[in-house]
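So the structure is just underneath, and the comments pick up after that.
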Amino acid sequence: IEVVPIHGSFAELPRILESRGIQADMVLADLGFSSNQVEDPDRGFSFRVDGPLDMRLDPNSQLTVAAMINELSEGELADVIFQYGEVRASRRIARAIVARRRERAFERTGDLADVVRRAAGPPPKGRRRIDRATRTFQALRIAVNGELEALDAFLHAVSQGARAAVEGRPGWLGLGSRVGVISFHSLEDRPVKRALAAIEAAGHGRRLTRKPIVAGECEQRANARSRSAKLRGLEVVSKMG
């Protein structure tokens, strides 16, 4: 087996394969990011160990989280935190960030996490106790990397590729090709679920599972990060197939 690593995003996969004359038998899109990235404080993904406010999945890209939170308006910050983190206190957090950056610019993850925690306040009673900075950091990471835009582009390409295969046109997918997507939170899982259902409804594919496949108890004990993973799959077949 020959393994050829290629630098690119999910959105670029169809172009990359077609440029090499490859039709995929199986595609697995793992939407998570590497534990090595999380555990490296210099990448700035985690607030558990202080590091620079970076969060770029691709170090070659220009925009960092530091630049984002130091330059966006209060309203824009609130929208990012609410849309990508589903944080109810998004406006309060954005207001606190803007007030604090008037004194000095944000540069470190620990500094931002402290401001977010104070602005968010204690968790509602009865809610699972996750760090109050978690969802804000998630929102900023998603925004700075354009993660949901890349996912939407990938799902659109899957839909177009499946249609082309069923209609007998050449492309990066063929009849019998299988596409799997592993998501890690609802902002990813919802569009994946909708897209695969729409492809099936159009007669261009068959969902392999009605409900997502999740990690079993043994795997969750061995790998705590697998708890939020959901796998959904589709096989490209015609409606009559």
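None of the figures in this text is laboratory data; all of them are computed from the coordinates on show. Just so it is clear, the structure is predicted and the values come from calculations on it, not from any experiment. In this analysis, Cβ positions are derived from the backbone assuming ideal geometry, glycine residues included, and neighbour counts consider all displayed protein chains.
Amide H contacts of residue 30: 182, each under 5 Å away and 5 or more positions distant or on a separate chain (H built 1.01 Å from N in the peptide plane; Pro and chain starts excluded). Rounded if a/c is under 1.5, else prolate if a/b beats b/c, else oblate: with a ≥ b ≥ c from the C-alpha gyration tensor eigenvalues square-rooted, which is region 123-241? Because a/c hits 1.5 or more and a/b exceeds b/c, region 123-241 counts as prolate. Straight-distance candidates among the aspartates and glutamates for linking to residue 211, with alpha-carbon spacing under 19 Å and chain neighbours fewer than 8 residues away dropped: 30, 188, 189, 200, 219, 235.
Relative to the Cα centre, the charge distribution of the chain, modelled as +1 at Lys and Arg Cβ and -1 at Asp and Glu Cβ, gives a dipole magnitude of about 1300 debye.
Shown in residue order for region 132-144 are the 3J(HN,Hα) couplings computed by the Karplus curve 6.51 cos²θ - 1.76 cosθ + 1.60 at θ = phi - 60°: 5, 8, 4, 6, 5, 5, 4, 4, 5, 5, 4, 5, 5 Hz (x for Gly and Pro). Which lysines have a Cα less than 29 Å from the Cα of residue 125, not counting those fewer than 8 places away in the same chain? Output for residue 125: 230.
Working from Cα pairs under 8 Å separated by at least six residues, relative contact order for the chain is 22 percent.
For region 35-145, the Cβ-based charge dipole about the Cα centre amounts to some 800 debye (Lys, Arg positive; Asp, Glu negative; other atoms uncharged). Working from the Cα coordinates of region 35-145, the gyration tensor eigenvalues give, after taking √(5λ), semi-axes of 20, 17, 13 Å in decreasing order. Placing one identical point scatterer on every Cα of the chain and ignoring solvent, what is log10 I(q)/I(0) from the Debye formula at q = 0.07, 0.09 Å⁻¹? Scattering profile of the chain, log10 relative to I(0): -0.29, -0.46.
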